[in-house]
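The structure under discussion appears below in the form of structure tokens.
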Amino acid sequence: MPDAPKPPKPAALPNAPLAYENDGFLNSPDGRLLRIMSEYQEPLARFRRERIQDTVVFFGSARFIAMDQAHQQLKLLDNTGSTQLAPEDEQPSLAGDGTVNALQHMRAEAAVEMAAYYEDARRLAKMMTEWSMKLPGRRHRFVITSGGGPGIMEAANRGAWEAGGKTIGLNIKLPFEQMPNPYITPELNFNFHYFFMRKYWFAYLAKALVVFPGGFGTLDEMFELLTLDQTHKLAKKITVVIYGSKYWKEVINLQMLADKGAISPRDLDLFKFADTPEEAFKILTAGLMENHLDQAATAIGEGAVSSEPEADTQSLLGPDIAKTNS
């Protein structure tokens, strides 16, 4: 019986992708651990390279706008009853008969009120950055940090940028696009997939927290940090300023939590209220100096922080980590 014909020789295979270049694997459930680790190690490497020692974190609504924008919006709404309207593309949406929707008018007026918080956050961030830039040491201290988006986040980064300092944006990838605001230091512009890794970096470097008026996200971030402090999970003292006492005391009755026994009365000492940038600045700097500015330690590295990037792990550890060709 004749031998069966041999199958043809298979064609040459292309090189398989390297594991760390295999997008199918990296984006799969099996690659989740590597993605989580990357959102820890990559920011850590960048913070080290940019000589960031610690941060002051600003939380607050993404919806507030600058005062000049808010006044312009209100002006357009108030003038819709005049004989000559602004061009249609400059108008907010109107009711069918050309009158201003009551909800829109109320929100435009609120926008002017809330824009004051934008300007206060901008001013406070500038004051804090001007102060921290004068501190001696080898690394940048108390760098203004936000969630990287618009509103209060933009105001904080903007104030630090106007002072000439570095400023950090910890953005989050959302189903709807959230773009980083333009005032973030480019080398410190981050984008996270995992909320919990973003929260880790908010908490890990923070020596102080300023909570401006905001919504669900602001409440979540504020209470998470307060809970860590309350339960002594932070291996440091953190100064917490809740900005805008009238707003916050209408939103939530923190005193009631203590009165009903849900928290200890001394838990109310974990934070202080402030209503002006000057008042908040005084609280923040007093807390930071008392808890994190040892005079002997700061004198060691007296002088300006180097503008050159810090060495990477390879350079710092030398032959303990052997360099490869690629």
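Points worth noting:
- Pairs of alpha carbons in the stretch 2-42 whose separation is greater than 13 Å (percent): 68
- Per-residue Cβ neighbour counts within 10 Å put HIS292, HIS193 in the sequence HIS193, HIS292, beginning with the fewest.
- Sites TYR20 and MET179, calculated FRET efficiency, Cβ-Cβ separation with R0 30 Å, nearest 0.05: 0.60
- Applying both filters, DSSP loop and at most 12 other Cβ atoms within 10 Å, to the GluC sites (Glu not before Pro) of the stretch 132-213 gives GLU177.
- Förster radius 56 Å - calculated FRET efficiency between MET289 and ALA12 (Cβ-Cβ, nearest 0.05): 0.25
- Beyond 19 Å in Cα-Cα separation lie the following of the pairs LYS237/LYS282; LYS173/LYS233; LYS126/LYS207: LYS173/LYS233.
- Basic side chains Lys and Arg get +1 at the Cβ, acidic Asp and Glu get -1 at the Cβ, and with that the dipole of the stretch 196-315 about its Cα centre reaches some 420 debye.
- Loop-located trypsin sites (Lys or Arg not before Pro) across the stretch 123-175 with a Cβ neighbour count of 10 or fewer within 10 Å are LYS134, with loop assigned by DSSP.
- Debye-sum result for the stretch 129-208 in log10 I(q)/I(0), which assumes one identical scatterer on each alpha carbon, at q = 0.21, 0.22, 0.23 Å⁻¹: -0.94, -1.02, -1.09
- Sorted largest first, extent of the stretch 136-257 alpha carbons per principal axis (Å): 43, 39, 28
- Length gained when the stretch ASP68-ASP3 is fully extended (0.36 nm per residue, less Cα-Cα span): 14.5 nm
- Cβ-Cβ FRET estimate between ALA311 and SER38, R0 fixed at 25 Å, reported to 0.05: 0.75
Laboratory data are not the source of any read-out in this text; all were calculated from the coordinates shown. Bear in mind the structure is a predicted one, so any value in this text is a computation, not a measurement. Positions of Cβ are generated from backbone atoms using ideal geometry, with glycine treated the same way; all protein chains shown enter the neighbour counts.
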